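*Asks:* Following this message is one structure expressed as structure tokens.
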Amino acid sequence: MAPRFQAPRGTRDLLPGDLERWQWAEAQARGVLERYGYREIRTPLFEDFELFARTSGETSDVVQKEMYRFKDLGERELALRPEFTAGVMRAYLEHGLGGRARVHRLWSAGPVFRYGRPQKGRYRQFSQLNCELVGSAAPGADIEMIALFVDVYEAWGFHGLTVVLNSLGQPATRRAYGERLREWLAPVHDRLSADSQQRLVANPLRVLDTKDEGDLALLRERGAMPRLLDQLDADDRAHWDAVLAGLEAVGIAYEIDHGLVRGLDYYTRTAFEVHDRSLGAQSALGGGGRYDGLVEELGGSPTPGVGFAIGFDRAMLVLEQRGAALPPAPPGVFVAAMEGTREEAMALTRALRRVLPADLDLEARSFGAQMKAAGKSGARLLVIVGEEEWPRGEVVVKDLAAGVQETIPRVGLAEALRARLAQAPPPRPGGATEAEKR
Ligand code: AMP
């Protein structure tokens, strides 16, 4: 019988077995972030709807079609966060972080929510790792951000990533470019999808984000597209050249994508993305860019910033597809009791669990059943709390991989077990170890 309740459409349960990979990835990313000097910031899962509307742009898809927007019981207009940057920058202003240090390097990770059409690699609740470098307009900040992005992926075992990038210039550049796009598309205007026709009025750059096959064919038909890079002013051009030179200096492969405009309104200058084609339609592993106008948009003084968001779900999908092996669970012990030592075994297990992974049978089953459970548990060592040994201050320890057994003192037991767990399993006399057979 089908269960009565299922996870809401577009959401997923991450079960033990899946989660170990996520936890490993989070730990790897944390290591990279620490070495780069980034510090964690946690902001609420929901914010004022208006915060997202202002920063992402009223005409963005995220605001128009994808927001989990709701009124709470106090009639407040709220929304589940569709991205991190707006909330992080709201917090930056609210707590006056700008007055505490010139540059802040911040990261966050957790769920974000977008009401899109679910498909492989696209969910309504998904997870992002988000980084921001606030307070520096220098090209060095863009370069650091892109290097950090790539290094997180390298820590996850991805190699040979190519970053695609473009420069969006200033709002005035984009307005001028929008005009050129309109002129360029005028001859095919009536054949564009209704969505793209609307975008051409409200926010022409968004036409380049279209996924509509007919629109894409028309874009190809029009041939050489006007380029944002040709519209840059001298300062933006110098910034762009310095970013490219910096990427070359630090050894990051890039390609220029003149059609890359990103989905949100607050980007200025550098915009970048990284794709993995094995993911099919939803191929973006992450992206980011500069948002020098965002803090002012929120009522703060002009403050430059650059950031990125990595989609955890897609990165984990690629790792799974590649069959990337998970690091093995740390080896542990199984404590087996005899009829007269059940309580002692429970107390011993609790003490051992302070320092190492330890399991036991909860159901007072026979010694034979405990042996079976120990075998299945994946424990490396079996600790038998024997009725004769325990009063003498000893226990029996059996190495399940090597099949050898010894009696050792209870005093210092945890340390003795730890030392044995740290060693490679000794060869089994006259045969292969379990590990070798596999
Ligand atoms: P964006 O802010 O849209 O560039 O998103 C950054 C990254 O988050 C993307 O490159 C994806 O990896 C991931 N992402 C965005 N939307 C979704 C979604 N609906 N489901 C899963 N991952 C997503």
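*Asks:* Quick check on region 287-345: of everything there that is of a type in the set (S, T, N, Q) and open to solvent by 60 Å² or more (accessible area, probe 1.4 Å), which residue is farthest from the ligand (Cβ to nearest atom)? Quick ask: steps written out before the conclusion?
*Replies:* Looking only at region 287-345, we keep the residues that are of a type in the set (S, T, N, Q), and these are 301, 303, 321, 341.
When the remaining residues are screened for being open to solvent by 60 Å² or more (accessible area, probe 1.4 Å), the result is 301, 321.
On the way: S301: 26, Q321: 15 Å.
Among residues in region 287-345 that are of a type in the set (S, T, N, Q) and open to solvent by 60 Å² or more (accessible area, probe 1.4 Å), the one farthest from the ligand (Cβ to nearest atom) is S301.
*Asks:* Is it true that some residue in region 68-84 is at pLDDT 95 or above, under 22 Å from T268 (Cβ atoms) and not in a loop (DSSP other than H, G, I, E, B)?
*Replies:* Checking region 68-84: not a single residue is at pLDDT 95 or above, under 22 Å from T268 (Cβ atoms) and not in a loop (DSSP other than H, G, I, E, B).
*Asks:* Okay, moving on. Which is β-branched (V, I, T), part of a helix (DSSP H, G or I) and in contact with a Ser or Thr (Cβ under 9 Å, 6 or more places away or on another chain), of V188, V201, V243? First the steps, then the outcome.
*Replies:* Details: V188 fails: in contact with a Ser or Thr (Cβ under 9 Å, 6 or more places away or on another chain); V201 fails: in contact with a Ser or Thr (Cβ under 9 Å, 6 or more places away or on another chain).
Testing whether each residue is β-branched (V, I, T), part of a helix (DSSP H, G or I) and in contact with a Ser or Thr (Cβ under 9 Å, 6 or more places away or on another chain) leaves just V243.
*Asks:* Going by the structure shown, is L80 away from the ligand (no atom under 16 Å from the Cβ) and of a type in the set (A, V, I, L, M)?
*Replies:* On the way: away from the ligand (no atom under 16 Å from the Cβ): no; of a type in the set (A, V, I, L, M): yes.
No; evaluated as a whole, the condition is false for this residue.
*Asks:* Where in region 1-67 are there helices (runs of 4 or more DSSP H), lying fully within it, with 3 or more residues that are over 15 Å from the mean Cα position of the chain (by Cα)? Full working, then the answer.
*Replies:* On the way: elements: 19-35, 49-56, 61-65.
In region 1-67, 49-56, 61-65 are the helices (runs of 4 or more DSSP H) which contain 3 or more residues that are over 15 Å from the mean Cα position of the chain (by Cα).
*Asks:* Return the residue satisfying two criteria in turn: it lies in region 382-391 and is surrounded by 17 or more Cβ atoms within 10 Å (Cβ to Cβ) and in contact with a helix residue (DSSP H, G or I) (Cβ under 6 Å, 6 or more places away or on another chain), and of such residues it is nearest to A416 (Cα to Cα). Steps first, answer last, please.
*Replies:* Looking only at region 382-391, we keep the residues that are surrounded by 17 or more Cβ atoms within 10 Å (Cβ to Cβ), and these are 382-386, 389-390.
After this cut, where a residue has to be in contact with a helix residue (DSSP H, G or I) (Cβ under 6 Å, 6 or more places away or on another chain) as well, the list is 382, 385, 390.
Numbers: L382: 13, V385: 15, W390: 16 Å.
The extreme case among them is L382.
*Asks:* I'd like the full set of residues that are more than 19 Å from the chain's Cα centre (by Cα), of a type in the set (V, I, T) and not in a loop (DSSP other than H, G, I, E, B), limited to region 258-306.
*Replies:* T268, T270, V295
*Asks:* Failed condition for K211, given (1) at pLDDT below 90; (2) touching a helix residue (DSSP H, G or I) at 6+ places or on another chain (Cβ under 9 Å), with all others met?
*Replies:* (2)
*Asks:* Can you pull out every residue in region 52-77 that is in contact with a Ser or Thr (Cβ under 6 Å, 6 or more places away or on another chain) and either open to solvent by 50 Å² or more (accessible area, probe 1.4 Å) or free of Cβ contacts under 8 Å to residues at least 24 places away in the same chain (or both)? Break it down into steps so the answer makes sense when it comes.
*Replies:* Of region 52-77, the ones in contact with a Ser or Thr (Cβ under 6 Å, 6 or more places away or on another chain) are 62-63.
Listed by number, the list holds a single entry, V63.
*Asks:* Then there is this: Only one residue in R35, R30, R39 is in contact (Cβ under 8 Å) with a residue 12 or more places away in the chain, more than 24 Å from R117 (Cα to Cα) and of a type outside the set (S, T, Y), so which one is that? Quick ask: steps written out before the conclusion?
*Replies:* Working: R35 fails: in contact (Cβ under 8 Å) with a residue 12 or more places away in the chain; R30 fails: in contact (Cβ under 8 Å) with a residue 12 or more places away in the chain.
The match here is R39.
*Asks:* Considering only region 113-147, state which residues are over 15 Å from L317 (Cβ atoms) and among the basic types (K, R).
*Replies:* R114, R117, R124
*Asks:* Of all residues in region 117-141, which are over 29 Å from D241 (Cα atoms) and either among the hydroxyl-bearing types (S, T, Y) or open to solvent by less than 40 Å² (accessible area, probe 1.4 Å) (or both)? Working first, answer last.
*Replies:* Looking only at region 117-141, we keep the residues that are over 29 Å from D241 (Cα atoms), and these are 117-128.
Listed by number, the residues that qualify are P118, G121, Y123, R124, F126, S127, Q128.
The values are calculated or read from the model by the stated rules, or taken from the named source; none is laboratory data. None of these values were measured; they are calculated from a predicted model. Heads up, the Cβs are rebuilt from the backbone with ideal geometry, glycines too, and the neighbour counts pull from every protein chain shown. Heads up: the accessible areas ignore ligands, DNA and RNA and are worked out on the full protein's heavy atoms, side chains in. Shrake-Rupley method; radii C 1.70, N 1.55, O 1.52, S 1.80 Å.
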